[in-house]
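**Student:** One structure is given below, represented as structure tokens, and several questions about it will come after.
The values are calculated or read from the model by the stated rules, or taken from the named source; none is laboratory data. Since the structure is predicted, the reported quantities are computational estimates derived from the model, not experimental observations. All Cβ positions, even for glycine, are placed from backbone atoms using ideal geometry, and neighbour counts span all protein chains on display.
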Protein chains: 2
Amino acid sequence: MSDEQLSKATETLIGALGRQSAFWGLGRMAGEMYAVLYLSPEPLSLEAIANSLQVTKGNISIAIRQLEQLGMVRRSWRMGDRRVFFEAETDFWRIAHSVLGLRQKPEFDQSFALVEESLQLLEQAEPSPERDYAKARLESLQEFYRLLDGVVEVALTVKPEELKSMVEMFNEARNK
Amino acid sequence: MSDEQLSKATETLIGALGRQSAFWGLGRMAGEMYAVLYLSPEPLSLEAIANSLQVTKGNISIAIRQLEQLGMVRRSWRMGDRRVFFEAETDFWRIAHSVLGLRQKPEFDQSFALVEESLQLLEQAEPSPERDYAKARLESLQEFYRLLDGVVEVALTVKPEELKSMVEMFNEARNK
DNA sequence: TAATACGTTTACTACGTATTAAACGTCATT
DNA sequence: AATGACGTTTAATACGTAGTAAACGTATTA
């Protein structure tokens, strides 16, 4: 690293995305790796990543798979080089799509299905004030889930520019 | 428990919200406790919660604080009873507000600040292709953060009915 | 065929967090 | 004052996951 400021800047981003990634349940390592790749002008080898993060190869090998599966990182090859290179997907919109679809949505669906199951159990229960109360609560929860589902659906359908102008529209309307 | 189906339904919801809660980084316990309270027609004592989840009082005492701080649970008292009772906040809209504000937003802001810091470090760096590339990347990341921030802002500003009708509008437009 | 350079897998260790049991402080009741 | 019923705190433990080092498989080169 010739430029001190540049490497400091990289370290700072590594810290930022590591935090973020851990917070969202992806593991600190995954975010840190993404940060390294995101700032690198050209694809990096597995070993290069391991060096810049001071961890072992095996560690990277496992973590990189998560990132690949989520569409946050791609592999590439160079002719005459047996090594595998990785580069970051830089289109956050695309990343948001795949992460929501592959990670959040399944979890959401699972939960939704369980609420439905719970509701069906209540249908079979003896009518009683307790049952009726629980039933009302579950239906209310279900409605909220449906709203959330709809919001996400919309967010993934519109184009980013559309979304951006929508947001601006709202903010203008609110500020007067 | 007089009604077998009712308690099965409760257990199912406990499982669902426990999963969900752990997934979102709140800890399994917190979600399970919320589920118990959410389905209970009247406030429950600390010990009652501990019994229904088969854990110790101390455990509940700690976890309940999280839920209180996030506005997901409230304390209440009964005259002539020294015990503390807890009841679930059932307005998910309100919960969404406070969770986003108290939990997600600070984390987001922290990350945003670090990206900015990183960007400022780059300003001071020697001009070079690597620096310029990194700078472009960070600016792009910043723009995405701003968009996200705006979306959340809007989502928290509009009333739930407004949001709901917006979603419906979009879906109709999309389906023709 | 031997030797080297990879990436992956595996068994082990280290670490942080969740959970418990017990001690503690407080308040009401006797 | 003494006792008992609370909720909270604390120290110890259990548990799951993150991370390492080394073995492994495979392809490439000599």
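**Student:** Return yes or no: is A:Leu13 in contact with a Phe, Trp or Tyr (Cβ under 9 Å, 6 or more places away or on another chain) and more than 16 Å from DNA strand C (Cβ to nearest atom)?
**Tutor:** Against the criterion (in contact with a Phe, Trp or Tyr (Cβ under 9 Å, 6 or more places away or on another chain) and more than 16 Å from DNA strand C (Cβ to nearest atom)), A:Leu13 qualifies.
**Student:** Taking region A:113-127 on its own, how many of its residues are at the interface with chain B (Cβ under 7 Å from one of its Cβ atoms) and exposed (fewer than 13 other Cβ atoms within 10 Å of the Cβ)?
**Tutor:** The qualifying residues number 1.
**Student:** Kindly evaluate A:Gln69 against the criterion of being more than 10 Å from chain B (Cβ to nearest Cβ) and at positive phi.
**Tutor:** Against the criterion (more than 10 Å from chain B (Cβ to nearest Cβ) and at positive phi), A:Gln69 does not qualify.
**Student:** Could I ask something else about it? Which residues, taken from region A:123-155, are in contact with an Asp or Glu (Cβ under 8 Å, 6 or more places away or on another chain) and hydrophobic (A, V, I, L, M, F, W, C)?
**Tutor:** Within region A:123-155, just A:Ala125 meets the criteria.
Residue-wise test of (1) among the charged types (D, E, K, R); (2) touching a Phe, Trp or Tyr at 6+ places or on another chain (Cβ under 9 Å).
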site	(1), (2)
A:Ala30	no, no
A:Thr90	no, yes
A:Lys105	yes, no
A:Phe112	no, yes
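**Student:** Right, something else. Is it true that A:Glu68 is away from DNA strand D (no atom under 14 Å from the Cβ), surrounded by fewer than 18 Cβ atoms within 10 Å (Cβ to Cβ) and modelled with pLDDT of 95 or more?
**Tutor:** yes
**Student:** At least 1 residues that are closer than 26 Å to B:Arg103 by Cα in each: list the helices (runs of 4 or more DSSP H) lying fully within region A:1-87 that qualify.
**Tutor:** Once the helices (runs of 4 or more DSSP H) in region A:1-87 are filtered for at least 1 residues that are closer than 26 Å to B:Arg103 by Cα, what remains is A:4-23, A:28-39, A:57-69.
**Student:** Cβ contacts < 7 Å: first residue more than 11 Å from DNA strand C (Cβ to nearest atom), restricted to region A:51-64; second residue aliphatic (A, V, I, L, M), any location; separation 6+ or different chain. Result?
**Tutor:** Close Cβ pairs (under 7 Å, with a partner that is aliphatic (A, V, I, L, M)) amount to A:Ser52/A:Val36; A:Leu53/A:Met33; A:Leu53/A:Val36.
**Student:** Let me ask another. Determine whether region A:88-106 contains at least one residue that is within 16 Å of DNA strand D (Cβ to nearest atom) and under 29 Å from B:Ser21 (Cα atoms).
**Tutor:** Checked region A:88-106: at least one residue is within 16 Å of DNA strand D (Cβ to nearest atom) and under 29 Å from B:Ser21 (Cα atoms).
**Student:** OK, next. Taking A:Tyr34, is it at the interface with chain B (Cβ under 9 Å from one of its Cβ atoms) and either touching a Phe, Trp or Tyr at 6+ places or on another chain (Cβ under 7 Å) or closer than 19 Å to A:Trp77 by Cα (or both)?
**Tutor:** It is false that A:Tyr34 is at the interface with chain B (Cβ under 9 Å from one of its Cβ atoms) and either touching a Phe, Trp or Tyr at 6+ places or on another chain (Cβ under 7 Å) or closer than 19 Å to A:Trp77 by Cα (or both).
**Student:** Going by the conditions given, is A:Thr90 within 14 Å of chain B (Cβ to nearest Cβ), more than 16 Å from DNA strand C (Cβ to nearest atom), β-branched (Val, Ile, Thr) and surrounded by fewer than 20 Cβ atoms within 10 Å (Cβ to Cβ)?
**Tutor:** yes
**Student:** OK, next. Look at A:Gly101 and say whether it is in contact with an Asp or Glu (Cβ under 8 Å, 6 or more places away or on another chain), modelled with pLDDT of 90 or more, in a helix (DSSP H, G or I) and not assigned by TED's automatic domain parsing to the domain that holds A:Pro41.
**Tutor:** no
**Student:** Consider B:Gln142 against the criteria (1) away from DNA strand C (no atom under 16 Å from the Cβ); (2) closer than 29 Å to A:Asp132 by Cα: it satisfies all of them except one. Which criterion is unmet?
**Tutor:** Here B:Gln142 clears every test but (2).
**Student:** Related question: Can you say whether B:Ser165 is assigned to a helix (DSSP H, G or I), small (Gly, Ala, Ser) and either surrounded by 15 or more Cβ atoms within 10 Å (Cβ to Cβ) or at pLDDT 95 or above (or both), as far as the supplied structure shows?
**Tutor:** No; evaluated as a whole, the condition is false for this residue.
**Student:** Let me confirm something: among A:Glu172, A:Glu139, A:Glu168, which residue is of a type in the set (D, E, K, R), more than 9 Å from chain B (Cβ to nearest Cβ) and closer than 20 Å to B:Leu156 by Cβ?
**Tutor:** None of the others qualify; the one that does is A:Glu172.
**Student:** Just checking, how many residues over region A:121-141 are in a helix (DSSP H, G or I) and either under 17 Å from A:Gln104 (Cα atoms) or hydrophobic (A, V, I, L, M, F, W, C) (or both)?
**Tutor:** Residues flagged as in a helix (DSSP H, G or I) and either under 17 Å from A:Gln104 (Cα atoms) or hydrophobic (A, V, I, L, M, F, W, C) (or both) within region A:121-141 amount to 6.
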